[in-house]
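Visitor: Could you have a look at this structure, given as structure tokens, before my questions?
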């Protein structure tokens, strides 16, 4: 008997004990009708071949392990960044359970949202009653300052009209007539979570700015975009802008609501962009998006009201941060202070110290379009080669932007861009053309296991490592964090490769 | 007669207090779902009296933050997803398959991507044109591509997401056609998320599809005996089905099918040939047991492998269905594990005795784990189900003490208030409930996923269960919440 109270074995060890191993072998041999081992090996080898790669890349209908989620997730995330705001997702209720779980698993934090719980009858008659009752219940129970309504694909397919429903709910006094209920249609069968983010931002800002008489001031709006590192990044953003003395408003600031303290109190809402600040943000002279693909429609709205706009691709690393700060300086008229120049110098110093371990390393990078762009750019700054860049939710236009970026550096030569491809495509690509390192999210661990390419987790979602999102990846300070994560992986790998006593340990060096 | 739990009366006023926050219409609806376990009247059994007054399995109230999921979650996420040598297509937009990808820890052996596919996300990734023009053609092509790229997959299931039923696709016709084309079982499942009121209908629909599309399959050759049983309704979360299987094998039974944790298509097809179906999760798989009883003559019985009291009782009850050899072996096995049980209790009971627990889980565990806590000397202050039916609440009466707070389809608001007022020593629920509870300074264990631990079934699992409850409750972090300069304030 393997188990004991003294040393309790859980699943990580228990099933590798002889009793269990034998039991599982017996099950396989007798009852499973399993494929014989040689045939499994043959197919396994085939899945890593060029032949398989060609067939795999020729897929037209099947999608396997895509690195993207659906629109409402982005909408819920965007809404969570406004003061006292509850997301109300109109449609089937299971979706909301999924978004909440997904966000909680990444942030290790509460994620609140409600559903209008539509079922078969609503599929036939529409979900008006659900909206009317639902808004009243949410308002009474959770005392929000704003309710942001988005939709699941069920409500979209049957064609529920949010604007009309919300007006009718107000007529029926579900919520006070002047209560803020912005909305966004967020069909899951169009785009991905980054578009849901965009639509909800446009919905919220459009709601606040609808009848505003704009009086331009010197303030700058910053829209962070959908970002798993938002907690660390928004705080870093604030720190840099404060150091510059810029007057600014972060539109959708989730840094507090996804990082509440443990002190005995559950805060359903915390921090966030104040609603009056969101209203006044119409007066800003400019709106700067940190992620172009999260804000395409929102920036159109900003332009329409008369603001200047600028969009970045998740500014990270030296050049990314430089460009961002220069633009902010240009828009605000404020100089970049020496303190930030010093930080820049320290990041460059660290990169110089470690360049020997990074120069010429090859990478596969996947994630949302803006992240992949930024990551590839930073990798090239370290002398690395972003050999394969993939975004399941990347468009043709993104591919062109990526190709232009890669063409701008000798380290981008020969690198390939994969728009609209999934992680099973990436498996074939890396099985045939392996890289030294893989940068992505937790789902990448399957590729790491299958292909032996070390994974560096740097983008949403990260379920199997804790708290990294509390540290920034933006700015020069964030650049240091990213640099250290890459270096740790490189150096750990070097130790592993040289770490077998008496066999491979000739180069098991103390100083590297 | 004194109530079993001293604060039973407080619970009644607590319910009134919580309901006061609702608008009238919602208040009336929610009142029927909240109760305390009643007394056992003379001449009645615990089954009919205690928890039979709670209304269940009805629509959730809109806008209240129900914790429930949907039919797709019940079918793909629970019943079908763990069947390892099949490819399960999340048919529709990308989200449903994405959020449920690799999240239930249904353990399995095999070569992932080659002969096993549990931790995959296969989807047809619907775009607007698929909604407008229908997705049947795309589904056909998807099946062909799966067959080409994953040749060792034994069968394919089509897990419908919301749009499928709304746009009028005929997935049954596609399944029949493609079965002819590729010669593999294809199971069309109508588990659109808007059907029914919770995951529960998804379980039922999934069971019906096993009945209609799988049970007539060829099965595989194996040496049948009089001791063949199936484990039904164990999803092998953290390896639960394995720490159960080992006990059943030790008492001399052969587990020919494991439904659906670590299952293969053949195991499902072979199931009607067994002598007895042993069902753990009654809520999600009783339907297929009843079907096999009526149509294949396979009797079924419920068992409970949480905690030593229920494990021993269950082993004896199972053995009683067989001959003396098995009965003797059951006693030997119970005796064999008794020293482990004694050691576990000696180590952990003093650290857990008298601790108060609140539970809120799916359709089985809110009652099934109660005795495991009792074995450790712990007390259940409240329990409730996301998606139980009346028969589950009846069965709950056997487990809980009078005065226990009972909540059906609890809302975020209610659960928070209940926890705040009762201040239990431990809450066992899901990921969405975990962090709010911990912020309040109350230890928590996820009781769907075993909080990434497990197994909790069987004797081996009980040791892990005891360890985990101890580490949750007795971690020093709970003493650090108050800053010293705030304590006196």
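Visitor: For a quick check of your reading: which helices (runs of 4 or more DSSP H) sit entirely within the stretch B:233-339 and have at least 2 residues that are in contact with a strand residue (DSSP E or B) (Cβ under 9 Å, 6 or more places away or on another chain), more than 14 Å from chain A (Cβ to nearest Cβ) and without any contact (Cβ under 8 Å) to a residue 24 or more places away in the chain? Don't jump to the end; show me each part of the working.
Guide: Numbers: elements: B:240-250, B:265-270, B:282-296, B:308-319.
Filter on the stretch B:233-339 gives B:282-296, B:308-319.
Visitor: Here's another thing I want to ask about it. Would you kindly identify the helices (runs of 4 or more DSSP H) lying entirely within the stretch B:381-485 that contain at least 1 residues that are over 22 Å from the mean Cα position of the chain (by Cα), in the same structural domain as residue B:16 (by TED's automatic domain parsing) and buried (at least 20 other Cβ atoms within 10 Å of the Cβ)? Spell out the reasoning first.
Guide: Details: elements: B:390-396, B:412-422, B:431-439, B:458-473.
It comes to B:412-422, B:431-439.
Visitor: Having 3 or more residues that are at the interface with chain A (Cβ under 9 Å from one of its Cβ atoms) and closer than 25 Å to residue A:106 by Cα is the bar; report the helices (runs of 4 or more DSSP H) wholly within the stretch B:58-151 that clear it. Steps first, answer last, please.
Guide: Values: elements: B:95-99, B:128-133, B:136-149.
Fully inside the stretch B:58-151 and qualifying: B:95-99.
Visitor: Within the stretch B:171-188, is even one residue within 10 Å of another protein chain (Cβ to nearest Cβ) and crowded, with 24+ Cβ neighbours inside 10 Å?
Guide: So the first thing to find is which residues in the stretch B:171-188 are within 10 Å of another protein chain (Cβ to nearest Cβ), and the list is none.
No.
Visitor: Moving to a separate point now. Quick check: anything in the stretch A:405-423 over 25 Å from residue A:446 (Cα atoms), in contact with a strand residue (DSSP E or B) (Cβ under 6 Å, 6 or more places away or on another chain) and in the same structural domain as residue A:443 (by the TED database)? Before you say what the answer is, go through the steps one by one.
Guide: Going through the stretch A:405-423, the residues over 25 Å from residue A:446 (Cα atoms) turn out to be A:405-414.
From what's left, in contact with a strand residue (DSSP E or B) (Cβ under 6 Å, 6 or more places away or on another chain): A:411.
Next, only the ones that are in the same structural domain as residue A:443 (by the TED database) stay: A:411.
Looking for residues that are over 25 Å from residue A:446 (Cα atoms), in contact with a strand residue (DSSP E or B) (Cβ under 6 Å, 6 or more places away or on another chain) and in the same structural domain as residue A:443 (by the TED database), one finds at least one in the stretch A:405-423, hence yes.
Visitor: Out of everything in the stretch B:152-164 that is at the interface with another protein chain (Cβ under 8 Å from one of its Cβ atoms) and part of a helix (DSSP H, G or I), what residue ends up being surrounded by the fewest Cβ atoms within 10 Å (Cβ to Cβ)? First the steps, then the outcome.
Guide: Filtering the stretch B:152-164 down to residues at the interface with another protein chain (Cβ under 8 Å from one of its Cβ atoms) leaves B:152, B:154, B:161-163.
With part of a helix (DSSP H, G or I) added as a condition, the list becomes B:162-163.
Numbers: B:162: 32, B:163: 27.
Only one residue fits best here, namely B:163.
Visitor: Looking at the stretch A:16-33 only, could you name the residues that are over 18 Å from residue B:273 (Cβ atoms) and at the interface with chain B (Cβ under 7 Å from one of its Cβ atoms)?
Guide: Residues satisfying the conditions are A:19, A:20, A:23, A:24, A:28.
Visitor: Looking only at residues that are crowded, with 18+ Cβ neighbours inside 10 Å, part of a loop (DSSP other than H, G, I, E, B) and over 23 Å from the mean Cα position of the chain (by Cα) in the stretch A:249-296, which one is nearest to the other protein chains (Cβ to nearest Cβ)?
Guide: The selected residue is A:266.
Visitor: For a quick check of your reading: which helices (runs of 4 or more DSSP H) sit entirely within the stretch A:1-77 and have at least 1 residues that are within 30 Å of the chain's Cα centre (by Cα)?
Guide: Working: elements: A:11-14, A:18-30, A:37-46, A:50-57.
By residue number, A:11-14, A:50-57.
Visitor: Looking at the structure I just gave you, is residue A:373 touching a strand residue (DSSP E or B) at 6+ places or on another chain (Cβ under 6 Å), modelled with pLDDT of 95 or more and within 18 Å of residue A:410 (Cα to Cα)? Working first, answer last.
Guide: Values: touching a strand residue (DSSP E or B) at 6+ places or on another chain (Cβ under 6 Å): yes; modelled with pLDDT of 95 or more: yes; within 18 Å of residue A:410 (Cα to Cα): yes.
For residue A:373, the condition - touching a strand residue (DSSP E or B) at 6+ places or on another chain (Cβ under 6 Å), modelled with pLDDT of 95 or more and within 18 Å of residue A:410 (Cα to Cα) - is met.
Visitor: Separate question: Tally up the residues in the stretch B:185-218 that are under 19 Å from residue B:82 (Cβ atoms) and in a loop (DSSP other than H, G, I, E, B), please.
Guide: Result for the stretch B:185-218: 4.
Visitor: Further question: State the number of residues belonging to the stretch B:385-437 that are more than 12 Å from chain A (Cβ to nearest Cβ) and at positive phi.
Guide: Selection size over the stretch B:385-437: 1.
Visitor: Would you confirm, using the coordinates I've provided, whether residue B:176 is over 25 Å from residue B:74 (Cβ atoms) and assigned to a helix (DSSP H, G or I)? Walk me through how you get there before you give the answer.
Guide: Values: over 25 Å from residue B:74 (Cβ atoms): no; assigned to a helix (DSSP H, G or I): yes.
It is false that residue B:176 is over 25 Å from residue B:74 (Cβ atoms) and assigned to a helix (DSSP H, G or I).
Visitor: Let me ask something else about it. Is there any pair linking a residue in the stretch B:20-35 that is at the interface with chain A (Cβ under 7 Å from one of its Cβ atoms) to one that is surrounded by 18 or more Cβ atoms within 10 Å (Cβ to Cβ) and not in a helix (DSSP H, G or I), with Cβ under 6 Å and at least six apart or on different chains, and which?
Guide: Close Cβ pairs satisfying both conditions: B:26/B:61.
The values are calculated or read from the model by the stated rules, or taken from the named source; none is laboratory data. For clarity, every value in this text was computed on a predicted model and none was experimentally measured. Positions of Cβ are backbone-derived with ideal geometry, glycine not excepted, and every protein chain shown enters the neighbour counts.
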